[in-house]
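Visitor: The structure is given below, and queries will be raised subsequently.
The values are calculated or read from the model by the stated rules, or taken from the named source; none is laboratory data. Fair warning: this is a prediction, and the values are worked out from it, not measured in the lab. Every residue, glycine among them, receives a Cβ derived from its backbone with ideal geometry; neighbour counts consider all protein chains shown. Only protein heavy atoms, including side chains, enter the accessible area calculation; ligands, DNA and RNA are left aside. Shrake-Rupley method; radii C 1.70, N 1.55, O 1.52, S 1.80 Å.
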Amino acid sequence: MKAAVVVFPGSNCDRDLAVALKDVGADVTMVWHKDTSLPEGLDFVGVPGGFSFGDYLRCGAIAAQSPICRSVVEFANKGGYVFGVCNGFQILTETGLLPGALLRNAGLKYICRTVPLTVQTTDSAFTSAYSKGQEIQIPIAHHDGNYTADEAIVARLQGEDRVAFTYGDNPNGSTADIAGILSENRRVLGMMPHPERAADAGHGGTEGAALFRSLFDQMAMA
């Protein structure tokens with residue numbers, strides 16, 4: 001699997017994401033946000049967590065206008081696999097690759113802890129290594145993780161089996177307990193929790209590693 005991880009000013013999980021991908025055998029290239037094109041022959045693009053551009057204006061809004069994001073959108077529209085985690089999820093909604101928006105946490109406080117997630121679908125390259133209904137423990141670290149969408153969007157996400165993960169104990173007020181969603185073609189995943197922070201036993205848990213193994217296995221079969 002040939003992968004790229006985009007780096008923005010304020011990214012703080014880019015290396016974590018790259019390490020998690022390398023651990024399953026991916027060839028990873030770091031791509032600066034001012035680059036205008038992605039490397040040739042990519043299978044996957046990761047948009048990492050952090051606080052791109054200091055979260056000025058609103059989370060992900062400035063990053064979504066970076067030159068590289070035009071290439072990420074084009075890559076996704078051509079069927080490429082894209083994963084946005086935390087701030088990366090916010091960026092993907094700002095680019096229009098995923099519906100909805102991430103607003104301030106309902107409690108108006110930054111939250112950093114491990115939370116239970118329920119796997120809602122295994123019908124994606126990101127989640128096929130899990131079992132439907134499986135509960136996993138994944139860290140969160142966000143101030144603006146409250147996934148918000150209108151009733152029609154939520155009904156469509158649920159009806160099309162595009163809710164990838166839900167919170168077992170909703171920490172931020174997200175609509176319908178949504179923690180992660182898939183695009184219409186199921187090749188773009190955005191989620192607020194950090195599986196790359198639960199991919200190494202030294203970090204206290206490995207239940208996020210299956211997401212990266214699932215992705216790598218999908219690429220190997222392609």
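Here's the yes/no breakdown for (1) without any contact (Cβ under 8 Å) to a residue 24 or more places away in the chain; (2) within 18 Å of Gln134 (Cβ to Cβ); (3) in contact with a strand residue (DSSP E or B) (Cβ under 6 Å, 6 or more places away or on another chain):
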position: Ala149; (1), (2), (3): no, no, no
position: Asp161; (1), (2), (3): no, yes, no
position: Tyr167; (1), (2), (3): no, yes, yes
position: Ile178; (1), (2), (3): no, yes, yes
position: Arg187; (1), (2), (3): no, no, yes
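Visitor: State all residues of region 160-171 that are closer than 20 Å to Gly84 by Cβ and assigned to a loop (DSSP other than H, G, I, E, B); if no residue qualifies, say none.
Guide: Scanning region 160-171 gives Glu160, Asp161, Arg162, Pro171.
Conditions tested, residue by residue: (1) farther than 16 Å from Val82 by Cα; (2) charged (D, E, K, R).
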residue	(1), (2)
Gly145	yes, no
Thr148	yes, no
Gln158	yes, no
Arg186	no, yes
Ala198	yes, no
Leu211	no, no
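Visitor: Right, next: Do we have Leu57 as part of a loop (DSSP other than H, G, I, E, B), farther than 17 Å from Asn172 by Cα and at pLDDT below 95 here?
Guide: Values: part of a loop (DSSP other than H, G, I, E, B): yes; farther than 17 Å from Asn172 by Cα: yes; at pLDDT below 95: yes.
Taking the combined requirement at face value, the residue satisfies it.
Visitor: Which of (1) open to solvent by 60 Å² or more (accessible area, probe 1.4 Å); (2) touching a His at 6+ places or on another chain (Cβ under 6 Å) is the odd one out, the single condition Cys86 does not satisfy?
Guide: Condition not satisfied by Cys86: (1).
Visitor: Can you work out which of the residues in region 200-222 that are closer than 27 Å to Val73 by Cβ and of a type in the set (A, V, I, L, M) is most open to solvent (accessible area, probe 1.4 Å)?
Guide: Met221
Visitor: Can you tell me which residue within region 9-26, out of those that are more than 23 Å from Lys78 (Cα to Cα), in a loop (DSSP other than H, G, I, E, B) and touching a strand residue (DSSP E or B) at 6+ places or on another chain (Cβ under 8 Å), is least open to solvent (accessible area, probe 1.4 Å)?
Guide: Step by step, filter region 9-26, then rank; the result is Cys13.
Visitor: A follow-up question, please. Going through region 172-193 one residue at a time, which ones are surrounded by 24 or more Cβ atoms within 10 Å (Cβ to Cβ) and either among the acidic types (Asp, Glu) or in a loop (DSSP other than H, G, I, E, B) (or both)?
Guide: Within region 172-193, Asn172, Met192, Pro193 qualify.
Visitor: Let me ask something additional. Could you list, in sequence order, all residues of region 135-144 that are part of a loop (DSSP other than H, G, I, E, B) and touching a Leu at 6+ places or on another chain (Cβ under 6 Å)?
Guide: In the first step, residues of region 135-144 are kept if they are part of a loop (DSSP other than H, G, I, E, B); the result is 143-144.
Across region 135-144, the qualifying residue is only Asp144.
This table checks each residue for (1) surrounded by fewer than 23 Cβ atoms within 10 Å (Cβ to Cβ); (2) without any contact (Cβ under 8 Å) to a residue 60 or more places away in the chain.
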| position | (1), (2) |
| --- | --- |
| Val28 | yes, yes |
| His33 | yes, yes |
| Gly60 | no, yes |
| Gly80 | yes, no |
| Gly96 | yes, yes |
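Visitor: Can you find, within region 102-127, the residue that is nearest to Val154 (Cα to Cα) among those that are among the hydrophobic types (A, V, I, L, M, F, W, C) and open to solvent by 40 Å² or more (accessible area, probe 1.4 Å)?
Guide: Our first condition is that a residue be among the hydrophobic types (A, V, I, L, M, F, W, C); within region 102-127, this holds for 102-103, 106, 108, 111-112, 115, 117, 119, 125-126.
The next check asks that each one be open to solvent by 40 Å² or more (accessible area, probe 1.4 Å); those that pass are 103, 106, 108, 112.
Values: Leu103: 16, Ala106: 18, Leu108: 23, Cys112: 26 Å.
Top of the filtered list is Leu103.
Visitor: Within region 43-58, is even one residue under 20 Å from Ala125 (Cβ atoms) and open to solvent by 20 Å² or more (accessible area, probe 1.4 Å)?
Guide: Within region 43-58, one or more residues are under 20 Å from Ala125 (Cβ atoms) and open to solvent by 20 Å² or more (accessible area, probe 1.4 Å).
Visitor: Can I ask one more? Of all residues in region 194-222, which are in a loop (DSSP other than H, G, I, E, B) and under 24 Å from Met1 (Cα atoms)? Let's see the steps before the verdict.
Guide: Start the filter on region 194-222 by keeping residues that are in a loop (DSSP other than H, G, I, E, B), which leaves 194, 199, 204, 206-208, 222.
Residues satisfying the conditions are His194, Ala199, Thr206, Glu207, Gly208, Ala222.
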